[in-house]
Every structure is written in structure tokens, then in C-alpha cells.
Amino acid sequence: MNDAVDIPVLRARRLRREYGTGEGLVRAVDDVDLDVGAGETVAVMGPSGCGKSTLLHLLGGLDRPSGGEVWLNGGRVDGIGEKSLARLRRTDIGFVFQAFHLMEELTAVENVELPALLAGRSPRAARRRAERLLERVGLADRARFLPSALSGGQRQRVAVARALVNEPSLVLADEPTGNLDSAATLEVLQLFDSLHGAGHTMVIVTHDARIAATADRLITMRDGVFVDETRLTGGTSGRLGAFAGLED
Amino acid sequence: MGRMVLVARLAVRDLRRRRVETALLLLAVLAATTTLTLGLVLREAAAGPYQSTREATAGPDVVASAQLATLEKLATASGVAAYSGPYPVVPSELRAAGRTSDVQVVGRDTASAAVDRPAVVEGGWAGDGGAVLEAAFARALGVGVGDQVTLGGRAFVVSGLAVTAATAPYPGGSCYVTAGCASGEVPEGTNLPAGLLRDPGLVWLTQADTRALSDDVSYVLNLRLSDPAQARSFADAHPSVITHTWQTVQEEATELARDSQILLLIGAWLLGLLAVAGLAVLVGGRIADQTRRVGLLKAVGGTPGLVAAVMLAEYVLVALAAAVGGLALGTLAAPLLTGPGAGLLGQASTPVPTVATAAWVVAAALGVAVVATGIPSLRAARSSTVGALADAPRPPRRVGWLIAISARLPASLLLAVRVAARRPRRVVLGAVSVAVTVSGLFVLLVLDAFLASRSGTPAYGQAQVEVLREVLLVWTVVLLCLAAVNTLVITWATVLDNRRSSALARALGATPRDVSTAVAAAQVLPALVGAALGVFPGGFALFGVINLITGGDGARVTMPSAPELFALVAAAVLAVALLTGAPALLGSRRPVAESLRG
């Protein structure tokens with residue numbers, strides 16, 4: 001387990017995202033403050049439509065806030081241009097989506113190496129790194145498979161490998177087990193546990209209490225605001241499966 | 001019956017739901033059917049002025065030229081109902097306004113006769129010292145009533161301009177003089193016999209003035225037959241006499257229309273190909289968008305046959321509407337391209353298309369619709385009901401070697417190659433569309449240069465050049481419009497199809513510029529290939545086909561130079577880049593999160 005450290009990797013202040021106007025105004029994210037330290041894993045839970053995914057999109061620069069500030073590695077990023085945001089997503093942020101979002105026409109290894117190629121790495125270096133990551137997520141033997149030939153859990157593990165390929169300082173995961181059955185969920189839980197153990201900084205939005213239990217901190221969100229924050233003692237070290245009820 | 005009503009109702013409702021796409025579909029087929037109709041009705045439309053001239057001037061069925069005694073016998077031959085002449089004809093040289101031209105001078109004391117009464121369109125008939133010029137010849141020379149001209153060194157005043165159906169208007173025309181005539185271009189170094197007339201014009205003088213010009217007199221006799229349809233048989237039965245039947249004169253008089261017709265028909269084929277390419281992309285994108293509807297139809301008991309029928313019915317309805325529209329527009333526009341030349345009377349009437357023409361146009365429109373929509377419709381009909389209900393997008397193609405190669409390219413090109421590789425059929429259609437357009441433009445360049453070099457020469461009169469230029473202009477405008485529509489349609493289909501993958505690429509670090517450049521480059525790269533193929537072999541092959549059909553002499557035209565061809569390819573690629581820029585940019589502006597959710 002890693003406790004939060006003094007200098008946050010991610011900081012949000014009075015973060016807001018509104019849709020519509022007048023009577024139709026919806027505050028999907030409403031004055032949220034958040035600090036995530038290096039090596040820390042934060043889980044955000046809440047009912048559907050409470051603004052979890054919107055928050056994640058704002059933190060990752062996939063959406064623009066209506067107000068407030070987002071800081072990444074000490075630099076303010078909420079007002080920067082699209083090009084700079086793209087560079088940021090390329091080098092500092094890794095995304096894991098609920099629907100995997102793998103390119104159907106690319107093999108597992110080609111999917112994983114894509115962000116590295118976009119970041120300008122040489123094809124050889126990108127491929128080497130992708131193969132190492134697939135080995136790490138236990139899919140070395142599936143590297144040349146198309147996503148359509150992989151199970152849900154395997155696809156999500158490919159997506160996780162892709163998120164890590166540029167060694168980002170922050171991994172954002174949006175319902176990473178939302179589309180998976182129990183066995184596949186366990187695979188992904190174990191993977192996130194190992195990432196946590198390896199010191200990755202992560203924000204995980206989830207419905208699943210089992211994956212939330214892998215975090216250092218659990219934030220509960222409702223109607224766009226944080227309503228509760230719990231520091232999970234003991235984190236996940238060695239007890240993940242038991243906590244999740246998937247192991248003896 | 002109930003089934004047909006259901007199919008028609010579903011088809012009409014879907015067409016009304018997607019008005020912009022329906023309008024684009026209609027536009028694409030309409031362009032092809034209009035051009036085809038123009039080509040098919042042109043010939044009939046063009047024959048109008050000749051027929052009206054023939055009626056107004058009591059045009060002869062046969063014009064014979066020979067020595068006097070022979071013609072006097074011919075006048076009483078079996079089958080002859082009436083005649084005029086024989087009239088004396090002499091070769092001469094006319095000088096006017098600094099220009100010189102060979103002429104055939106026909107001696108006529110009066111225009112009035114039982115057969116062949118040249119109609120004076122300006123001024124009056126010739127008296128002593130006066131000359132009447134054939135109207136097209138006068139226009140080519142720039143001579144008008146009251147001008148002075150010299151014939152064989154003697155001065156004459158132009159008393160009038162007239163038209164006749166006895167011979168085709170200048171620069172065509174029958175040869176009556178014994179020395180013979182040569183028309184059109186003569187290759188350099190050719191030794192022509194002495195006394196031969198080059199592209200002679202036609203002049204009428206009094207008989208006395210005619211005989212005073214030269215001793216080399218021959219004669220013409222104008223015959224009306226009891227059965228004009230037998231003119232050719234009559235001519236064949238009198239081989240000792242040089243004869244010109246009204247049919248051959250008509251063919252020569254409407255040769256211009258035939259050239260226009262050939263150009264328009266080939267244009268219609270090109271536009272048909274473009275329409276197929278554009279339609280196939282539109283329909284492919286549209287049917288992909290209709291996946292859920294297909295699933296619903298099948299879930300409520302629709303058979304694959306019914307689904308395919310509904311899909312096809314939409315495009316068949318559009319094709320039929322385009323065929324009717326094309327027939328109307330083409331028929332109305334035909335007379336604009338076949339105005340009566342200076343040498344003919346009357347306006348070309350608005351022809352009613354024949355049943356054969358209508359059948360051809362409808363068949364072509366339906367053919368375009370079926371060829372373009374058949375495969376996507378059948379594919380939709382065969383899709384799994386569950387998959388269709390889930391609205392699963394059609395999986396992209398994987399082209400492994402392109403993906404491997406693209407890994408070595410910068411981000412924009414990497415994405416561009418992969419965008420292109422996802423839908424190879426669309427890439428081929430895009431390239432074909434550009435190749436067809438560039439082939440058409442290549443031929444237009446060649447023909448335009450040819451016409452420019454012939455403008456105002458006896459080989460091609462100014463009026464002819466103007467009409468052919470108008471035909472080429474119609475070609476160019478319709479071709480470019482349809483090509484532009486195709487490019488926009490293909491780009492927009494690509495943008496929509498790649499919405500999610502583009503958003504994903506952005507989430508993984510690609511900039512909006514990378515993504516929009518990729519979508520545009522995915523069109524530009526095939527356009528480059530298409531443009532190159534459009535020049536060679538496309539342009540050369542198309543020109544060869546036109547040459548073969550028209551029986552033209554390809555050696556007489558100047559092919560575009562290498563820099564011109566390079567400019568043509570570059571212009572085509574630049575045009576595609578500009579046209580794709582806006583839709584590509586629009587596509588990349590959609591928020592990433594929204595695209596990934598959608």
C-alpha cells in the first residue's frame with residue numbers, strides 16, 4: 001500500500017461541469033476538490049448518473065470543465081489548448097474504458113503499441129514495450145489475436161496494457177469491470193492490485209465494491225458532489241481475493 | 001399486393017426521413033440521366049433545322065452534276081416528279097475583307113424554281129453585278145450585305161445571304177465543279193491536283209455573270225422524286241452522273257450534332273460511373289446506419305427477401321424519379337446545343353423522346369441504382385437479427401501489411417493509412433471516382449486544345465466550335481459537380497465511420513489536427529493514385545475510345561504536355577484536399593467523451 005504523499009500528482013479545485021441552461025441546467029460535477037498523491041489509488045463510487053464518468057473525463061482532459069481548476073504534476077491543465085492536452089494524454093495519462101475501446105482491426109499487440117507510436121517511439125521500441133506489457137498482464141500468448149478472438153477479461157487486460165505503454169504518471173479507469181463476468185472481474189482485480197503494488201497512481205470510477213477495495217481511498221459521489229471519503233486501512237496487500245469474496 | 005404496398009410505404013417513409021441523403025442520391029443519378037438523355041435526343045433535335053430548311057426551300061431529293069446533255073436526259077428519267085436547272089457552275093476565287101477563299105459559283109437568274117429555292121435570309125436576290133453568298137460561308141468570312149467582294153478579279157456587291165437544303169452549310173457542302181474539291185485539313189507535303197478547290201464556299205450570281213467568270217463550266221440539276229425515300233436507289237441507278245441525295249446532305253449538315261452526341265454519350269457513361277461510385281458509398285453508409293431498422297424488420301417477421309426489397313425499393317424509387325427528371329431536363333436542354341447553324345433555317349423544336357430513348361434512360365438509372373445498392377442490400381438482408389438489433393457496426397477490415405507499414409509513419413499518416421485500410425472498398429470507389437473525373441478532364445483538355453487550334457479555320461467553322469465548346473462546358477460542369485459531391489459524400493461517410501476510432505486515437509494522445517489530417521489524407525492518398533491512373537491509362541484509353549467511335553484521326557490532336565498532366569494531377573489532388581478539409585475538420589471537433597459514449 002502507498003499512502004498519499006505531499007505533492008499531489010493530480011489536483012482538482014472547485015471543479016464544475018454543467019450541461020444545459022435555465023431550468024434545464026444539470027450540474028454533472030459540482031464544485032469538487034480532489035488531491036491524488038503519487039502512488040495512490042483513489043476509487044470513486046456512486047449510483048449511475050452521479051457524475052463519476054464526467055469527473056474522470058474532466059480529470060483526463062477528454063472534456064472541458066465549466067469552472068474550476070485541474071492540475072497535473074504541478075501544472076495547470078484545465079485551460080490549455082487541444083494540442084497540449086493531446087500531448088498530455090499521450091505521455092502523462094493512461095485511460096482504461098468500460099467498453100475496452102480496442103481497435104477491432106488491430107491485434108492485441110498492435111493495440112497496445114498504438115499510443116507509443118503516436119508518441120513518436122520507434123516501431124521496434126514500441127513493439128518491445130507492448131510485448132513486455134502483454135507478458136505482464138498474462139497475455140503474451142494472445143499478442144497476435146484480434147480483440148474479437150479474446151474474452152472480455154482478456155480485452156480489458158489488453159486495454160490496461162495499452163494504458164501503461166507510455167508509462168503515464170496517472171491511470172484513469174472508468175468502470176473497468178463494468179462489462180465483465182465474475183471470472184473476468186477477478187482477472188482485472190488482480191491486475192489492478194498488481195499495478196497498485198507497483199506504485200502506479202490511479203483513479204478508478206466503479207460500481208464494484210470489490211475493485212473499490214483495492215484502493216487507498218474511497219470517495220462516494222452523489223448528484224455531482226463528493227458526499228463521503230474513506231481511507232481504506234490496509235489497502236489491498238495480499239487480501240484482495242478474500243475481500244472480494246472470490247477466493248477462500 | 002399488400003406486400004408491395006408495405007415495401008413501398010417503408011421505402012417512401014425512410015426516404016422522407018433522410019431528405020439530404022435522398023437529395024444527394026437524386027442529384028447523382030439525375031446528372032447521369034440528363035446527360036444520357038441529351039446525347040440520345042440530340043440527333044433528332046438537330047435534324048429539325050435541316051428539315052425546316054428543306055421544306056422552306058423546296059429542297060431537292062437528288063442534286064446531280066454532269067455535262068449539260070447528260071443532265072437534260074436525267075431530267076426526264078423515270079421517278080422524277082419535278083426539276084430545276086440545269087444551272088451553270090464555275091470554280092472561282094473570292095476575295096473579301098482581306099481574306100481569300102475558293103468558291104463554286106452557281107448561275108441563277110432567279111431564286112424561284114420548282115425545286116431548290118434558296119431562301120434569302122438577309123438582303124435580296126442577285127441581279128447583274130450582285131452576288132448572294134451562302135449564309136454560313138458569309139459568316140465565316142465576316143462578309144455582310146452591301147460589302148464588296150471580288151470573284152475571279154471582278155468586283156461584285158453582296159446583295160444578299162441565303163440558305164439552301166441542296167447542300168450542307170459551309171464548311172461542308174457538295175462539290176459540283178469538274179476540277180474537284182478537297183475539304184478539311186490536308187497533310188503537309190501533299191501535292192493537290194491543279195485547279196482543285198479547297199473548302200469552297202457557295203455563291204449565287206446571274207447566269208451571265210457566272211459564265212463570264214470562267215470557261216470551265218459544269219452543270220447542276222435539282223430533282224424532286226415521286227418517292228423521296230428512293231433517292232439513294234435513284235442515285236445508284238445513274239452511275240454516270242455525280243449525285244448527292246438529300247440523305248447524305250442531311251448527314252453532313254447534322255455531323256456537328258453527331259459529334260456532340262458522341263461526346264455527350266461518353267460523358268453520360270463517365271457520369272454514370274461516377275454516380276455508381278457515389279451511390280455505393282452513400283448507400284453503404286446509409287445501410288450501415290439502418291442496421292437497427294433491419295433487425296427490427298426481421299424481428300417482426302420480415303424475411304431476408306423483404307428486407308432486401310425494402311432497401312432496394314428506396315433506390316429504385318430514386319432512380320425512377322431521376323430518370324423522369326433526366327428525360328425532362330435533357331429534352332428541354334437539347335435545343336440549346338443544336339441551334340440552327342448560320343446555314344440552316346428555323347429553330348430546333350423540342351423533341352419528344354422516343355420510347356427507345358426513354359427505355360434507355362430508365363434502364364440506365366435502374367442499372368446504376370441496382371449496381372450500387374445490390375451488395376449492401378443483400379448484406380443487410382443476410383445480417384444476423386440479434387446483431388442488427390444490437391446495432392453492431394460493420395466490423396472494419398484488417399489489412400495487416402498496411403498496418404505494419406503505417407507503424408513507421410508519423411502520427412497523422414499512420415492514422416490516415418489505417419483509416420483507409422479499414423474500408424478498402426470505399427478507398428477503391430474514391431480512387432475510381434477521381435480517376436474517372438481526371439480521365440474526363442484529360443479528354444476535355446485535348447478536345448479544347450483541338451477546337452482552339454481549329455477555331456475560325458475552314459475545317460471547323462466558328463459556329464461549330466462554339467456549339468462543341470458548349471457541349472464540353474456542359475460536360476465539365478456536370479462532371480466536376482458530381483465529382484465534388486462524391487468527394488464530400490465519401491469524406492463524410494469516412495468521418496462518421498471513424499467517429500469512435502478517431503475519438504479513441506485522441507484519447508490515446510493524437511491531436512485533433514492529427515485526426516482531421518488523417519481523415520483528409522485518407523481521401524487524398526487514393527485521390528493521388530486515382531488521378532495518376534486517370535491520366536494514364538485512363539485519359540489515353542478514353543481518348544482512344546472516342547477517336548475509335550468518331551473515326552477521328554488521333555494524330556491530328558496535340559496531347560497535353562508532361563507539365564500540363566502534372567498540373568492536372570496536382571489540381572485534382574488539391575481539389576480533393578480542399579473538399580475533404582472542411583468535413584474532416586468538423587468531424588474532429590466533436591468532443592472525445594461524447595464520441596466514445598455514442
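In the range A:168-183, the qualifying residues are those that are of a type in the set (Asp, Glu) and within 13 Å of chain B (Cβ to nearest Cβ), and the one that is surrounded by the most Cβ atoms within 10 Å (Cβ to Cβ) is A:Asp174.
Just one of the listed residues (B:Asp128, B:Asp116, B:Asp109) is on the phi > 0 side of the Ramachandran plot and in a loop (DSSP other than H, G, I, E, B), namely B:Asp116. Listed by first and then second residue, the pairs linking a residue in the range A:96-118 that is over 20 Å from B:Ala416 (Cα atoms) to a residue that is of a type in the set (Asp, Glu) and crowded, with 22+ Cβ neighbours inside 10 Å, with Cβ atoms under 8 Å apart and 6 or more places separating them unless they lie on different chains, are A:Val96/A:Asp174; A:Phe97/A:Asp174; A:Gln98/A:Asp174. Would you check if there is a residue in the range B:57-80 being at pLDDT below 80 and in contact with a helix residue (DSSP H, G or I) (Cβ under 9 Å, 6 or more places away or on another chain)? Within the range B:57-80, not a single residue is at pLDDT below 80 and in contact with a helix residue (DSSP H, G or I) (Cβ under 9 Å, 6 or more places away or on another chain). Could you tell me whether the range B:127-140 includes any residue that is at pLDDT 80 or above, surrounded by 20 or more Cβ atoms within 10 Å (Cβ to Cβ) and charged (D, E, K, R)? Yes, some residue in the range B:127-140 is at pLDDT 80 or above, surrounded by 20 or more Cβ atoms within 10 Å (Cβ to Cβ) and charged (D, E, K, R). B:Val103 meets each of the listed conditions (1) assigned to a strand (DSSP E or B); (2) farther than 11 Å from B:Trp204 by Cβ apart from (2).
Of the residues making up the range A:77-97, those that are touching a strand residue (DSSP E or B) at 6+ places or on another chain (Cβ under 6 Å) and more than 11 Å from every other protein chain (Cβ to nearest Cβ) number 2. A count restricted to the range A:11-40 and to residues that are within 18 Å of the chain's Cα centre (by Cα) and over 16 Å from A:Met221 (Cβ atoms) stands at 5.
The residue pairs whose first member lies in the range B:198-211 and is outside the structural domain of B:Ala140 (by TED's automatic domain parsing), whose second member is surrounded by fewer than 24 Cβ atoms within 10 Å (Cβ to Cβ), and whose beta carbons are closer than 7 Å, counting only pairs six or more residues apart or on different chains, do not exist in this structure.
The values are calculated or read from the model by the stated rules, or taken from the named source; none is laboratory data. Nothing here was measured: the structure is a model prediction, and the numbers come from that model. Because the Cβ atoms are built from the backbone with ideal geometry, glycine has one as well, and the counts that use them run over all protein chains shown.
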